[in-house]
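Visitor: Okay, handing you the structure first.
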Amino acid sequence: GLGLTFKKEENFGDWYSDLVVRGEMIEYYDVSGCYILRPWSYAIWESIKDFFDKEIKKMGIENTYFPLFVSEKALTKEKNHVEGFAPEVAWVTKSGDSQLEEPIAIRPTSETVMYPIFAKWIRGHRDLPLRINQWCNVVRWEFKHPTPFIRSREFLWQEGHTAFATKEEADKEVHAILELYRRVYEELLAVPVIKGVKSEIEKFAGGLYTTTVEAFIPTTGRGVQAATSHCLGQNFAKMFEIMFEDDKGERKMVWQNSWGLTTRSIGVMVMVHGDDKGLVLPPRVAPIQVVVIPVPFKGIDPSDECLKVVHQLQQADIRVKEDLRDNYSPGWKYSHWELKGVPLRIEIGPRDIEKKQVRVVRRDLEDKAEGRSQDIPVADLVERIGKILDEMQKHLLEKAREERSLCIATAYNWDDFMAALNNKKMVLAPWCDEVEVEENVKARTKSEGDGGAAKTLCMPFEHDTLPVVQEFLPEGTKCFASGKPAKRWALWGRSY
Ligand SMILES: O=C1CCCN[C@@H]1CCCn1cnc2cc(F)c(Cl)cc2c1=O
Ligand SMILES: [Mg+2]
């Protein structure tokens with residue numbers, strides 16, 4: 001039958017892998033860790049890209065394209081930047097059947113591709129700020145189990161790379177980009193995220209500090225890094241000698257940022273909103289927002305009325321499609337388009353034609369929920385459909401926020417921390433901010449708990465939906481793990 005084989009709450013891993021294929025987002029591929037993005041998911045990436053690209057252009061950031069290949073010399077310019085990552089670098093070693101003189105790496109990220117060129121482009125303070133972005137693919141030969149969208153050996157992303165004369169300008173941009181990432185998740189994907197800063201061991205080692213938006217999958221109790229915005233400080237400027245002459249004629253190193261959002265965002269959206277009937281797509285990114293289905297009866301075929309409604313909605317820039325196939329029943333079509341996660345379906349039968357109305361059914365409400373289906377006069381259709389789509393967008397975010405708030409516990413000691421963790425929650429706990437304590441928590445949670453180590457997901461910036469804000473760490477509060485004086489709240493959790 002059409003229904004999904006696995007239940008989300010019972011068998012999440014299989015539910016997800018099956019759903020992204022049955023929902024026609026992903027096709028499997030014979031190179032391990034690589035997936036085909038079919039139109040149904042690629043269209044969602046295009047919506048994300050359209051939004052983000054428009055916003056960064058408003059900020060004066062320009063798109064470029066740098067080569068896919070990195071010379072070994074450039075990639076290994078800074079030993080400690082690469083050494084941790086070396087195992088995941090993919091190399092081209094031959095063309096045809098002849099060995100290459102030098103092996104060439106495929107970019108896993110583009111700092112080492114771009115920054116030697118930045119050093120050429122940046123001479124004086126008038127060359128600053130330099131702010132570029134590229135939409136591309138990167139390759140990282142991951143060894144952990146691959147998961148469509150969430151972890152693959154090749155993925156699509158945007159990577160922004162910027163250079164400034166002062167730290168203040170860099171800091172400001174880090175947060176401006178982080179806010180755009182929050183908007184991608186909350187306004188387009190209807191996924192709530194928590195903004196924060198990474199700990200010293202979780203941050204990008206090559207940088208000064210890393211800010212992040214963290215999403216959460218309630219079903220598995222795992223956090224997932226949704227996007228990241230780093231301030232690199234002057235570390236890369238030092239490595240690649242990116243200097244400029246300031247307005248007093250002094251040679252200074254630039255201050256840099258780099259920031260990225262990947263196709264992982266699509267997987268997070270599927271995991272958060274999907275249900276046992278299939279995908280549930282937020283209207284803002286749904287490739288088709290409304291599907292119109294005729295319900296023939298006693299020889300009357302409402303296909304013409306369907307096409308009229310389709311045309312009306314198209315005029316209002318609503319992404320609408322009719323399903324007039326006569327080799328499938330209305331019931332089959334309802335299940336099919338629910339599996340695909342189309343936000344709204346419109347049913348038109350002979351009685352609807354008589355009454356000059358249509359039946360509108362929402363994908364985001366449970367079968368018996370109030371307001372799931374309603375009869376709407378054709379005359380009011382465009383206005384009402386627009387309103388219902390906006391309502392769905394809001395409802396999906398509110399529902400996800402509500403569910404996530406139930407998955408955040410606050411703990412002041414180890415036992416409460418472990419209880420919450422093993423109850424599939426993220427845990428806000430006061431922490432002494434010492435690296436070895438964080439390493440110790442990782443080690444202890446790896447052995448004691450099931451499902452992998454807990455780590456710090458971030459130190460939340462003050463956040464309206466969290467039970468705490470950084471300032472209110474009561475005097476004398478002890479670190480939940482070490483008992484030492486706590487310095488800050490940390491959000492801990494198991495993660496992807
Ligand atoms: O996260 C972002 C946003 C967009 C631009 N880049 C940064 C840092 C990327 C870290 N990182 C992440 N993964 C890597 C994998 C590698 F094989 C190598 Cl050689 C380097 C890295 C690496 O530097
Ligand atoms: Mg990695």
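The values are calculated or read from the model by the stated rules, or taken from the named source; none is laboratory data. All values reported here derive from a predicted model rather than from experimental measurement. Ideal geometry is used to build each Cβ from the backbone, glycine not excepted, and the neighbour counts take in all protein chains shown.
Visitor: For LYS94, are the conditions met, namely being exposed (fewer than 13 other Cβ atoms within 10 Å of the Cβ), of a type outside the set (Phe, Trp, Tyr) and either out of contact with any Lys or Arg (no Cβ under 7 Å at 6 or more places or on another chain) or closer than 30 Å to LEU180 by Cβ (or both)?
Guide: Here the answer is yes, as LYS94 does meet what is asked.
Visitor: Looking at (1) over 30 Å from VAL270 (Cα atoms); (2) aliphatic (A, V, I, L, M); (3) away from ligand 1 (no atom under 12 Å from the Cβ), can you tell me which one ILE48 breaks?
Guide: Every condition holds for ILE48 apart from (1).
Visitor: May I ask you to list the residues in the range 190-242 that are part of a loop (DSSP other than H, G, I, E, B), away from ligand 1 (no atom under 13 Å from the Cβ) and touching a residue at least 40 places away in the same chain (Cβ under 8 Å)?
Guide: Result: ALA190, VAL191, PRO192, SER199, GLU200, ILE201, PRO218, THR219, THR220, GLY221, GLU241, ILE242.
Visitor: Condition first: under 12 Å from the mean Cα position of the chain (by Cα) and among the aliphatic types (A, V, I, L, M). Now tell me which residues in the range 195-216 satisfy that.
Guide: Result: VAL213, ALA215.
Visitor: Does VAL280 satisfy being under 27 Å from LEU178 (Cα atoms), away from ligand 2 (no atom under 16 Å from the Cβ) and either part of a helix (DSSP H, G or I) or not acidic (Asp, Glu) (or both)? Please lay out each step first, then the result.
Guide: Values: under 27 Å from LEU178 (Cα atoms): yes; away from ligand 2 (no atom under 16 Å from the Cβ): yes; either part of a helix (DSSP H, G or I) or not acidic (Asp, Glu) (or both): yes.
The answer is yes for VAL280.
Visitor: Given the structure, is VAL70 in a helix (DSSP H, G or I) and either among the polar types (S, T, N, Q) or touching a Ser or Thr at 6+ places or on another chain (Cβ under 8 Å) (or both)?
Guide: Considered against the rule, which asks whether it is in a helix (DSSP H, G or I) and either among the polar types (S, T, N, Q) or touching a Ser or Thr at 6+ places or on another chain (Cβ under 8 Å) (or both), VAL70 comes out as no.
Visitor: Condition (residue is under 21 Å from VAL174 (Cα atoms), more than 16 Å from ligand 1 (Cβ to nearest atom) and in contact (Cβ under 8 Å) with a residue 60 or more places away in the chain) applied to the range 115-123: is it met by at least one residue?
Guide: Let us first name the residues in the range 115-123 that are under 21 Å from VAL174 (Cα atoms), namely 115, 118, 122.
Applying the additional criterion that residues be more than 16 Å from ligand 1 (Cβ to nearest atom) yields 122.
Restricting the remaining residues to those that are in contact (Cβ under 8 Å) with a residue 60 or more places away in the chain gives 122.
Checking the range 115-123: at least one residue is under 21 Å from VAL174 (Cα atoms), more than 16 Å from ligand 1 (Cβ to nearest atom) and in contact (Cβ under 8 Å) with a residue 60 or more places away in the chain.
Visitor: List pairs: first in the range 62-90 and in contact (Cβ under 8 Å) with a residue 24 or more places away in the chain, second within 16 Å of ligand 2 (Cβ to nearest atom) and among the small types (Gly, Ala, Ser), Cβ under 6 Å, 6+ apart or cross-chain?
Guide: These pairs meet every condition: PHE66/SER110; VAL70/ALA105; LEU75/ALA105; HIS81/GLY206; VAL89/ALA105.
Visitor: Looking at the range 1-58 only, could you name the residues that are of a type in the set (Asp, Glu) and touching a residue at least 40 places away in the same chain (Cβ under 8 Å)?
Guide: Once the filter is applied, which keeps residues that are of a type in the set (Asp, Glu) and touching a residue at least 40 places away in the same chain (Cβ under 8 Å), the range 1-58 yields GLU9, GLU24, ASP53, GLU55.
Visitor: Still on this structure, I have one more. Filter the range 400-413 down to residues that are in a helix (DSSP H, G or I) and surrounded by fewer than 17 Cβ atoms within 10 Å (Cβ to Cβ) and give me whichever is modelled with the lowest pLDDT.
Guide: Out of the qualifying residues, it is SER405.
Visitor: Shifting gears a bit: Looking only at residues in the range 341-378 that are exposed (fewer than 11 other Cβ atoms within 10 Å of the Cβ) and farther than 29 Å from GLU24 by Cβ, which one is nearest to the chain's Cα centre (by Cα)?
Guide: GLU370
Visitor: Can you tell which of ASP416, ASP433 is farther than 18 Å from GLY223 by Cβ, acidic (Asp, Glu), buried (at least 17 other Cβ atoms within 10 Å of the Cβ) and modelled with pLDDT of 95 or more? Reasoning before the result, please.
Guide: Numbers: ASP416 fails: buried (at least 17 other Cβ atoms within 10 Å of the Cβ).
Answer to the selection: ASP433.
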